[in-house]
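Heads up: the structure comes next, in structure tokens.
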Amino acid sequence: MKILWICNLILPAVAKALELPTIPKEGWVKGLYDAIADKRKNDPNVPEICFAFPVGSELLKEKGVLKTTGVVSGSVIDEKGNTLEYYGFYEDTSKEYLYDPKLESEFGYIFENAKPDMVHVFGTEFPHTLAAAKAWGNPETILVGLQGICRDIAEAYTANLSEDIVVRRTFRDLLKNDSILDQKRKFDLRAANENEALKLVGHVAGRTEFDKKFTAEVDPDIIYHYSGETLRSVFYTGAWNRNAAEKYRIFFCQADYPLKGFHYLLEAVHMLFAEKEEKGEELPDIQIYVAGQSIINHRTLKEKIKISSYGKYLRSLMDNYGLSDRVHILGRLSAEQMKEQYLLCDTYVCCSACENSPNSLGEAMMLQVPIVTARVGGIESVFKVGDDGFSYTVDPEDTLEDIAGKLKDALLERWGADYEPALLSNEVDRRRYNAGFHARENHNPEKNVYDLLGIYKSICK
């Protein structure tokens, strides 16, 4: 059996062969592949995996194939001695909302040359999912793995921001046609592609009640398979230690677009400080560390010109609330650097307006980090309320202030009136130990590989 994986990002060994930068974000794909390849060495019935992924036009021009097939292909040997057969197809990932019919011919070429028995597409966020489904033409032997749900992301994207902020355009937004409203509309287009693609496939792999319900709403005839997600390997060792963590240090992942809700956190900390000041109490030394690119830089003229509407809004909140010196943007981090930040923090916070099951939450749970999270989307399928950490409910009619207030209350519950009296320390430990246990159930690599191979076998029977 041979299966073609269509991934959003390139594997490290292939990137090295093509002299492209590697991106650590989806290291779990490599981990999943390594586990399958290891099993195949001892069992020829385990399927062979080959890969397809988007590449830029410059690489294709360099390889001299852009005007012919539009596909660069080959094979490389990775560090474990596995042969990786790969196909790089052209897709403008800066315009991930636009469908290009040329992708269909590129996939036609890939399918003809790779000759897979089935296709597994990872995610619905890019138009190549729709193109692959159209070009493959056999719903019974194509599986789409759900990651983020574009439909619900589009609905929640503006995350309670006021209309004037949503429609406002900075110079950068005008130049790129990329205001918050524009970004939301782009997700509307991605959602339309997602919907059309799923109507062309017979199988979906998901991991939450949220994505299962979504699948049934799109097409009740799609066969839904449960498939747990395997995390990057570094998160399966080590654990949070109160004595090594920094008091009141918050770790937050991605603050570069509204959906992630960084403005909720800034509002919540402001509310907490205002409450403390009103009572005449000392302010806790809250420091917020954020993984991912910075959109708030504004020191130089160039940075001021490049700032987005959302970045400008965050900047104004930080300045108005006196939080500028408390926010630290760390840039893109490797898996090892992310792990270091989890272990240094006092609390991991997830306050997104919509999530399916964020990997960062799973990583924090795996490392037994104290957690405060919103209960949105599929989070309650992977995070046991009351057992795994501290959380709050988001209701459809909640305002920005309502959500920030609930987050503030959850933070205070986490810290307690005197930060950590003995009883609260025991309660925090109980919850984080439970989180670690549940994460090992949710993200069990051996079980996840076994389940996925079972899905492949049922599709290719």
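The values are calculated or read from the model by the stated rules, or taken from the named source; none is laboratory data. As the structure is a computational prediction, the values presented were derived from the model and not from experiment. All Cβ positions, even for glycine, are placed from backbone atoms using ideal geometry, and neighbour counts span all protein chains on display.
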For the subset of region 241-256 comprising residues that are over 22 Å from the mean Cα position of the chain (by Cα) and assigned to a loop (DSSP other than H, G, I, E, B), which member is surrounded by the fewest Cβ atoms within 10 Å (Cβ to Cβ)?
243
How about region 350-364: which of its residues are of a type outside the set (Ser, Thr, Tyr) and in contact with a strand residue (DSSP E or B) (Cβ under 7 Å, 6 or more places away or on another chain)?
350, 351, 358, 361, 364
Just the residues that are of a type in the set (S, T, N, Q) and in contact with a helix residue (DSSP H, G or I) (Cβ under 8 Å, 6 or more places away or on another chain), please, taken from region 146-161.
158, 160
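Table: residues versus (1) assigned to a strand (DSSP E or B); (2) in contact with a strand residue (DSSP E or B) (Cβ under 9 Å, 6 or more places away or on another chain); (3) exposed (fewer than 15 other Cβ atoms within 10 Å of the Cβ); (4) touching a residue at least 60 places away in the same chain (Cβ under 8 Å).
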{"site": "239", "(1), (2), (3), (4)": "no, no, yes, yes"}
{"site": "277", "(1), (2), (3), (4)": "no, no, yes, no"}
{"site": "280", "(1), (2), (3), (4)": "no, no, yes, no"}
{"site": "289", "(1), (2), (3), (4)": "yes, yes, no, no"}
{"site": "295", "(1), (2), (3), (4)": "no, yes, no, no"}
{"site": "299", "(1), (2), (3), (4)": "no, no, yes, no"}
{"site": "304", "(1), (2), (3), (4)": "no, no, no, no"}
{"site": "312", "(1), (2), (3), (4)": "no, no, no, yes"}
Where residue 106 falls short, out of the listed (1) modelled with pLDDT of 85 or more; (2) crowded, with 20+ Cβ neighbours inside 10 Å; (3) within 25 Å of the chain's Cα centre (by Cα); (4) in a helix (DSSP H, G or I):
(3)
Does residue 410 satisfy being part of a helix (DSSP H, G or I) and among the hydrophobic types (A, V, I, L, M, F, W, C)?
yes
Some residue of region 343-365 being closer than 20 Å to residue 273 by Cβ, out of contact with any helix residue (DSSP H, G or I) (no Cβ under 6 Å at 6 or more places or on another chain), in the same structural domain as residue 238 (by TED's automatic domain parsing) and surrounded by fewer than 22 Cβ atoms within 10 Å (Cβ to Cβ):
no
Name every residue in region 216-228 that is touching a Ser or Thr at 6+ places or on another chain (Cβ under 7 Å) and either part of a loop (DSSP other than H, G, I, E, B) or in contact (Cβ under 8 Å) with a residue 60 or more places away in the chain (or both), in order of residue number.
222
Enumeration of residues in region 257-272 that are within 22 Å of the chain's Cα centre (by Cα) and not in a loop (DSSP other than H, G, I, E, B)
258, 259, 260, 262, 263, 264, 265, 266
If we keep only residues of region 251-303 that are among the polar types (S, T, N, Q) and in contact with a Lys or Arg (Cβ under 7 Å, 6 or more places away or on another chain), then the residue nearest to residue 370 (Cα to Cα) is 287
Return the residue satisfying two criteria in turn: it lies in region 109-159 and is among the acidic types (Asp, Glu) and either outside the structural domain of residue 47 (by TED's automatic domain parsing) or touching a residue at least 24 places away in the same chain (Cβ under 8 Å) (or both), and of such residues it is surrounded by the most Cβ atoms within 10 Å (Cβ to Cβ).
152
Looking only at residues in region 186-237 that are buried (at least 21 other Cβ atoms within 10 Å of the Cβ) and in contact with a Cys (Cβ under 7 Å, 6 or more places away or on another chain), which one is nearest to residue 428 (Cα to Cα)?
187
